[in-house]
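S.K.: Let me begin by handing over the structure; questions about it come next.
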Amino acid sequence: MRGLTGLETRGGVLRLDPVPLPEMSEYGFTISFRGHWGIRLQMRPGQLHVHIPSSDREPVDLDLEGRTLSLPPGATCELALTGRTPPLSGPSEPAGQGRTDPGDTPVAPP
C-alpha cells in the first residue's frame, strides 16, 4: 500500500500520486533515495514542493501523476497536482540540467 502520498519507487524513479485530504491542509516529510539524503517533499492543496539537497549524485527522476521530471542536486521546485489546480512553478536547477514541463518556473531554495 502506497498510502496518502502515493509514494513508490520503480525502475529508479521516485513516483508520487498523492491523495488530497481536505482535513490536512499540508504535510511534509524527508526521504532518502538512490544515495540522496534529505530529499524534502511538502504537500499543499494542489501543489507539491520538492527540494533535492546539493550533492555530487545523479539527478533524481520524479514521476508526479504521470509527469516525469529529472531534478539535479540543489534543485527546488513547486509542481501543480494535475487535474486539481493550474500549474504553479517548477524546477530551479543549475543551468543546462534537467527537464521541465512548459510553464514551470523556478522558486527560491528553502
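The values are calculated or read from the model by the stated rules, or taken from the named source; none is laboratory data. On a predicted model such as this, the values are computed, not experimentally measured, just so you know. Neighbour counts are summed over all protein chains in view; Cβ atoms, including those assigned to glycine, are modelled from backbone coordinates with ideal geometry. Ligands, DNA and RNA are excluded from the accessible area calculation, which covers all protein heavy atoms including side chains. Shrake-Rupley method; radii C 1.70, N 1.55, O 1.52, S 1.80 Å.
S.K.: When the residues of region 1-60 are narrowed to those that are polar (S, T, N, Q), open to solvent by less than 70 Å² (accessible area, probe 1.4 Å) and modelled with pLDDT under 90, which ends up farthest from residue 77 (Cα to Cα)? Please lay out each step first, then the result.
M.R.: So in region 1-60, the residues polar (S, T, N, Q) come out as 5, 9, 25, 30, 32, 42, 47, 54-55.
Cutting the leftovers down to open to solvent by less than 70 Å² (accessible area, probe 1.4 Å) gives us 5, 32, 42, 47, 55.
Okay, now just the ones that are also modelled with pLDDT under 90, so 5, 47.
Numbers: 5: 17, 47: 10 Å.
Here the answer is 5.
S.K.: Could you grab me the full set of residues in region 33-71 that are of a type outside the set (A, V, I, L, M) and closer than 16 Å to residue 15 by Cβ? Steps first, answer last, please.
M.R.: Here is the first cut: in region 33-71, the residues of a type outside the set (A, V, I, L, M) are 33-38, 40, 42, 44-47, 49, 51, 53-59, 61, 63, 65-68, 70.
Selection gives 33, 34, 36, 59, 61, 63, 65, 66, 67, 68, 70.
S.K.: Can you tell me which residue is nearest to residue 70 (Cα to Cα) among those in region 4-31 that are small (Gly, Ala, Ser) and under 13 Å from the mean Cα position of the chain (by Cα)? It would help to see each step written out before you state the result.
M.R.: Of all residues in region 4-31, those small (Gly, Ala, Ser) come to 6, 11-12, 25, 28.
Still in the running and under 13 Å from the mean Cα position of the chain (by Cα): 6, 28.
Working: 6: 19, 28: 21 Å.
Out of the qualifying residues, it is 6.
S.K.: Keeping to region 63-73, report how many residues are over 17 Å from residue 19 (Cα atoms) and buried (at least 16 other Cβ atoms within 10 Å of the Cβ). Can you show your working first?
M.R.: Going through region 63-73, the residues over 17 Å from residue 19 (Cα atoms) turn out to be 68-73.
Okay, now just the ones that are also buried (at least 16 other Cβ atoms within 10 Å of the Cβ), so 69-73.
Residues flagged as over 17 Å from residue 19 (Cα atoms) and buried (at least 16 other Cβ atoms within 10 Å of the Cβ) within region 63-73 amount to 5.
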